[in-house]
Amino acid sequence: LSSEYPVEVDLPAPKELKAAYDVVIIGAGGHGLATAYYLAKYHGISNIAVLEKGYLGGGNTARNTAVIRSNYLTSEGVKFYIESVRLFENLSNEFDFNIMYSHRGQLTLAHTDATVRAFRQRAEVNKHFGGHTEMIDRQQIRELVPSLNLDPGHIPVLAGLWHIDGATARHDAVAWGYAKGAAKRGVEIHQLTEVQDFVVENGRIRAVQTNRGTIACGCVVQAVAGTSSLLLNKLGIRAPIHTYPLQAMVTQPFKPFLDPLVSSSALHCYVQQTSRGELVFGGGSDPYPLYNTRSTLDLKESLLAHAIEMFPFMANAKLMRQWAGITDMTPDYSPIMGLSPIEGYYLDAGWGTWGFKATPICGKTMAELVASGGKVPELIAPFGLDRFSRFQQVNEMGATAASH
Ligand code: FAD
């Protein structure tokens, strides 16, 4: 471990649970902790309990592959993610704590004419809103990533979408930074505390029931990612969320050779090298819905076959770890943020395979929503749950695929 590697976070010892809080946040992943942090630091609201059924940052925040980018397809999506990338760039200064933000650029490969056309559109939308993205040709790709095979078997690379703002960061440090900053300002983080049911009176949330007793609250923010639909079911809220495992894996470390993040949606594979030299790769979701974090041989075989098509020398690499998270997928591949049919119950869900990069802007906007007593910030207005009944989906499927 290098000296800049954050190995320890000082958090105040947990207190007894109080009988009531102004705000209860369910889930101490990056999103829940970020919401608590922005509420305490920028809105002066710190009578907050963050309730976590496991341990701090142990959900998808700990399991993701930390791709940070804003090169989405829709104007709503691009505007939102661009703000998140901006916040990420300054997060180590904001925390006075190193999140190991690493600006790499992200290269997405086009293997068909249709993909080249879609990439042109994404580059233009991204530039329009202040992002940095351009189309590059085979020669430029070769110069950027000399070790990449440009002619994998049946689908040669035609061009690339070069997203200069693409980056990565240490995901645990993001959770720890928010937790530290929130706790310092009086927020209580209670681990091993599971929300099991709710008390709703006259259409308004009044309390949450936990394995440690009932807690009254002014309002609730639900930020539980993979188990979003389970809590929504308890409240009788219908949402089009389906839950799928998503797997990733990592090899032994190599000397640094791969600076950009590289992905191919046609090969359903993305690869990046961590600051420790390991190669991380991931692909698409498992083919059937499941609430489970097991790894499978099927996925390992298919993903590795594609990874080796992209980087043939990897055939000799040793795999060190494989893992999975459970992801709350929406039909349009955009999140569900904002109000719910229950007054005072705010939603931060539907983050599927793409929510790590949104952690800062999600926390900031959810804090604005809570602090204003339910006035939805403009940036997240397109992502409300009611978009599905108004047929106003924000379709990001084509820009999410295997790029995360
Ligand atoms: P989490 O970190 O999952 O936190 C939710 C917390 O809620 C958990 O700690 C859980 O224990 C707790 N909880 C659940 N139910 C209860 C309850 N009833 N009571 C109390 N606590 C509860 N996104 C990207 O942007 N880039 C990527 O490269 C990327 N790669 C990914 C790769 C993989 C393999 C996976 C699985 C996901 C990936 N994602 C990526 C998605 C990203 O990880 C998530 O969208 C994001 O981490 C969600 O953060 P969160 O804080 O909402 O959820």
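The values are calculated or read from the model by the stated rules, or taken from the named source; none is laboratory data. Quick caveat: nothing in here was measured; it's all calculated off a predicted structure. Neighbour counts are summed over all protein chains in view; Cβ atoms, including those assigned to glycine, are modelled from backbone coordinates with ideal geometry.
Miscellaneous remarks
- Any hit, the stretch 199-206, residues being crowded, with 22+ Cβ neighbours inside 10 Å, small (Gly, Ala, Ser) and within 20 Å of Gly338 (Cβ to Cβ): no
- Test: Pro240 is away from the ligand (no atom under 16 Å from the Cβ) and either touching a Phe, Trp or Tyr at 6+ places or on another chain (Cβ under 8 Å) or closer than 20 Å to Met397 by Cα (or both): yes
- Each residue in the stretch 318-362 was checked for being assigned to a strand (DSSP E or B) and within 12 Å of the ligand (Cβ to nearest atom), and 14 pass.
- When the stretch 162-177 is filtered for residues that are outside any loop (DSSP other than H, G, I, E, B), more than 10 Å from the ligand (Cβ to nearest atom) and among the aliphatic types (A, V, I, L, M), the ones remaining, listed by number, are Ala167, Ala173.
- Criterion: touching a helix residue (DSSP H, G or I) at 6+ places or on another chain (Cβ under 8 Å), farther than 23 Å from Asn395 by Cβ and surrounded by 13 or more Cβ atoms within 10 Å (Cβ to Cβ) - qualifying residue of Leu299, Leu319: Leu319
- Restricting attention to the stretch 187-237, the residues that are within 9 Å of the ligand (Cβ to nearest atom), assigned to a loop (DSSP other than H, G, I, E, B) and β-branched (Val, Ile, Thr) total 2.
- The residues on offer are Tyr21, Tyr72, Tyr38, Tyr55, and the sole one that is of a type in the set (Ser, Thr, Tyr), assigned to a loop (DSSP other than H, G, I, E, B), more than 6 Å from the ligand (Cβ to nearest atom) and surrounded by 22 or more Cβ atoms within 10 Å (Cβ to Cβ) is Tyr72.
- Some residue of the stretch 149-160 being of a type in the set (Gly, Ala, Ser) and either touching a His at 6+ places or on another chain (Cβ under 6 Å) or crowded, with 22+ Cβ neighbours inside 10 Å (or both): yes
- Condition met for Glu89 (more than 18 Å from the chain's Cα centre (by Cα) and either surrounded by 19 or more Cβ atoms within 10 Å (Cβ to Cβ) or modelled with pLDDT of 95 or more (or both)): no
- When the stretch 217-231 is filtered for residues that are small (Gly, Ala, Ser) and closer than 13 Å to Val195 by Cβ, the ones remaining, listed by number, are Ala223, Ser228.
- Test: residue in the stretch 332-348 that is closer than 22 Å to Tyr288 by Cβ, in contact with a strand residue (DSSP E or B) (Cβ under 7 Å, 6 or more places away or on another chain), in contact (Cβ under 8 Å) with a residue 12 or more places away in the chain and among the polar types (S, T, N, Q): no
Condition check ((1) more than 12 Å from the ligand (Cβ to nearest atom); (2) in a strand (DSSP E or B); (3) within 21 Å of Pro253 (Cα to Cα)) across all residues:
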{"site": "Gln272", "(1), (2), (3)": "no, yes, yes"}
{"site": "Tyr291", "(1), (2), (3)": "no, no, no"}
{"site": "Leu299", "(1), (2), (3)": "no, no, no"}
{"site": "Leu303", "(1), (2), (3)": "no, no, yes"}
{"site": "Ala307", "(1), (2), (3)": "yes, no, yes"}
{"site": "Phe313", "(1), (2), (3)": "yes, no, yes"}
